[in-house]
Every structure is written in C-alpha cells, then in structure tokens.
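S.K.: Take a look at the following structure, please.
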Amino acid sequence: MNTIYGRRGPALLPSVIEAGTSDAVGGNVGDDATRPFVLGYIDAAQLTDESAIAEVRARLGEYAIAARLQLGSIYVDQPDADGSMFRALLVAIERYNPAHVLVPSLDHVAALVAVAETKQQRIESRTNAMIRPVGT
C-alpha cells in the first residue's frame, strides 16, 4: 500500500501489488484497461497475528491476479485503531469507485459500525462497490 503523508495525516493511494509492476499513478505498467479495479479490506481482529495478516494479504493479491482484477490498496484495520482504516476505505471507495472490495471472508465486514448496520451494509448502501469474499 502506498502511503503519502501530508498535513492532515496519511493519504492512501491505490497501488497494484504485483511485484515490480506498479507505476506512480497506481496502475500496472502495460495494464489491460478492461481489468476491473478493486480494493481490499482486512479486519485484523479476525486474525491471530501479523503472520496471518501477511498470508491474507498475499491470498487477496493472488486471487486478484487469478481473477484478472486490478488490485489497489489493501486496508488493514488493527483492533486498536478504532476503525480508522475502514473509514479510509470508505473514502477510497468514493474517490476511486472500485467494482468490488475483496475481503478474506464476510466475517471481516460483519462487525457493526453503527446501530444495526454492518460494514458490508455501509459499503454497499453508500457506494457502487460490492463485497466479494475470497474465501478462507
């Protein structure tokens, strides 16, 4: 994930995780423009440790490559971060209009963000992006 620090904190920009192929504007060098752009989201509270987060990141990347998707940033919400990365994901969805948000499983978007509204409901009701579970 590319992070640029400005006056108001980090600005998260899309980046493609295919090693060595991303350019400065977040696309692949020689990328097929017909590949749907997607983002990723991981709720680290659903995982056991940092190595599990790395494995899930890799699995999302492998899935995107196999499914011929252009993967931008993967947002990882840490348990002590108070949902800041989920809020950053919502901003990125509104800004970049991805076709889907890849998640390891629906458990990662099942947590409540407001009374009776899950993360999945918030993403799908406020944007055009659909949640796409990759599987565990």
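S.K.: Could we say that Ala92 is in contact with a Gly (Cβ under 8 Å, 6 or more places away or on another chain), outside any strand (DSSP E or B), of a type in the set (Gly, Ala, Ser) and in contact (Cβ under 8 Å) with a residue 60 or more places away in the chain here? Before the answer, list the steps.
M.R.: Working: in contact with a Gly (Cβ under 8 Å, 6 or more places away or on another chain): yes; outside any strand (DSSP E or B): yes; of a type in the set (Gly, Ala, Ser): yes; in contact (Cβ under 8 Å) with a residue 60 or more places away in the chain: yes.
Here the answer is yes, as Ala92 does meet what is asked.
S.K.: State which residue is modelled with the lowest pLDDT when the search covers only the stretch 95-135 and only residues that are under 19 Å from Pro79 (Cβ atoms) and assigned to a loop (DSSP other than H, G, I, E, B).
M.R.: Of everything passing the filter in the stretch 95-135, Ala111 is modelled with the lowest pLDDT.
S.K.: In this structure, is Arg59 at pLDDT 90 or above and closer than 23 Å to Asn128 by Cα?
M.R.: Numbers: at pLDDT 90 or above: yes; closer than 23 Å to Asn128 by Cα: no.
So Arg59 does not fit the description; no.
S.K.: Here is a check on your reading of the model: is Gly135 in contact (Cβ under 8 Å) with a residue 12 or more places away in the chain, more than 13 Å from Val38 (Cβ to Cβ) and surrounded by fewer than 14 Cβ atoms within 10 Å (Cβ to Cβ)?
M.R.: It is true that Gly135 is in contact (Cβ under 8 Å) with a residue 12 or more places away in the chain, more than 13 Å from Val38 (Cβ to Cβ) and surrounded by fewer than 14 Cβ atoms within 10 Å (Cβ to Cβ).
S.K.: Taking the stretch 49-89 as the region of interest, how many residues are surrounded by 13 or more Cβ atoms within 10 Å (Cβ to Cβ) and not in a helix (DSSP H, G or I)?
M.R.: 13
The values are calculated or read from the model by the stated rules, or taken from the named source; none is laboratory data. A quick note: this is a predicted structure, and the numbers were derived from the prediction, not measured. Every residue, glycine as well, gets a Cβ built from its backbone with ideal geometry; the counts of neighbours run over all protein chains shown.
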